[in-house]
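The values are calculated or read from the model by the stated rules, or taken from the named source; none is laboratory data. Only a predicted model underlies this, so the values are computations on that prediction, with no experimental measurement involved. Cβ sites come from the backbone with ideal geometry, for glycine too, and all protein chains shown count toward neighbours. To get the accessible areas, we keep the full protein, side chains included, count just its heavy atoms, and leave off ligands, DNA and RNA. Shrake-Rupley method; radii C 1.70, N 1.55, O 1.52, S 1.80 Å.
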Amino acid sequence: KYYKKQKAAQSAQEQFYNLGLNRTKTNQALMFFVSFDEKYAQIITDSEISKKISDDYWQETIDNFIKDVKRNELSKAYINAIDSCSSVLIKEFPIKHDDKNELSNEVIELR
């Protein structure tokens, strides 16, 4: 079980870099990583987000996500996690008139 979670954590970090999330001009990327096979979830943030928002906040979001999943409320889990992330990001990084969305907002499913 420990090994599977370690591999999932490693895969999450690799995907963050493989998807180019570490190469935005503002260094404000966030990735919500979920591996159902390993029963693992993690939020990975780029350097500017990490400077302003503590890892404790992201862990609390993941903990709430997991609670909803365990109650068989998968849709609610995702919606609550996305809403939570959005609200804190908008507060700490307000949208500016010259901002450009460098990343896709699509869900990427890896198999």
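Okay, here's what the table says:
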| item | result |
| --- | --- |
| Computed magnitude of the charge dipole of the chain (debye, nearest 20; Cβ of K, R +1, Cβ of D, E -1) | 320 |
| The chain: Cα Rg divided by the 2.2 N^0.38 Å rule of thumb | 1.08 |
| Fully extended contour minus Cα-Cα distance, from Glu38 to Tyr57, at 0.36 nm per residue | 4.6 nm |
| Over the chain: helical MRE at 222 nm, DSSP H runs n ≥ 4 each giving -39500 (n - 2.57), nearest 500 | -17000 deg cm²/dmol |
| 23 Å Cα cut-off, lysine pairs counted over region 52-111 (separation 8 or more, or different chains) | 6 |
| Carbon plus sulfur fraction of accessible area for the chain, probe 1.4 Å, in percent | 49 |
| Surface accessible to a 1.4 Å probe, per residue, for the residues of the chain, Å² | 75 |
| Gain upon complete extension [Lys5, Arg71; 0.36 nm per residue less C-alpha separation] | 21.7 nm |
